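Read the figures in this text as sums done on the coordinates, not as results from a lab. Bear in mind that the values here come from a model prediction, so they are computed numbers and not experimental data. Quick reminder, even Gly has a Cβ in these numbers, built from the backbone with ideal geometry, and neighbours come from all protein chains shown.
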Amino acid sequence: MPRFWVRLVAHSPRPASSGRGGGILKMIHLLSGSTDENFISELKEAGVLAPDVMERIDISLGRPEHCLLDNFLLSGADFIKADEWISFLIRRHGCHRFGRVTWSDDVSAPATGDLPTDGNIPYRRCMDGRAMVAVLRPDKLPATSERLKMSRPLWAAATLHEIRDLRNAWSGSRREMP
């Protein structure tokens with residue numbers, strides 16, 4: 001089983017869902033002032049995470065008492081509109097859509113060990129040695145840049161379905177890191 005990308009957040013003494021549609025804020029119990037809280041606010045402000053979408057994701061997860069933000073977002077792949085997610089990454093975070101993001105063993109960025117803790121997954125090495133990175137957490141791009149500084153990353157706007165597939169492929173691959 002792969003390691004989670006972000007640490008567990010604090011538990012709330014309140015139940016995960018009161019049945020009144022509290023969604024992610026009651027479910028995920030974000031730490032006040034954390035980057036996760038700021039990122040959720042940004043997604044809500046951009047219209048990517050509407051209350052009804054958050055509620056549907058919460059229900060699909062079985063209303064767990066706690067959940068990691070990366071897992072919450074990837075579980076919402078069927079509910080968060082792909083075009084809104086892609087537009088958010090392009091317009092607000094300078095990502096580019098290079099075409100469908102897929103894992104290919106012969107041209108993929110090498111992967112080994114656990115998934116990156118910043119949630120952004122390198123998936124392809126370009127001819128000039130740069131790494132294409134599927135962005136799940138644009139709020140953690142500085143950490144990704146530092147981790148891949150020798151590869152000069154290109155930020156790819158990938159759908160949540162594509163990132164979920166990359167995550168599964170990464171877990172199945174055990175080669176040398178870039």
- Note on the structure: Over its alpha-carbon atoms, the stretch 33-164 yields an Rg and a Dmax in Å of 14.9, 46
- What ranking of ILE40, ILE59 emerges when the number of other C-beta atoms within 10 Å of each C-beta is taken as an exposure proxy, fewest first? ILE59, ILE40
- Query: Sorted by packing (mean other beta-carbon atoms within 10 Å per residue), highest first, where do 74-83, 159-168, 131-140 land?
  - Reply: 131-140, 159-168, 74-83
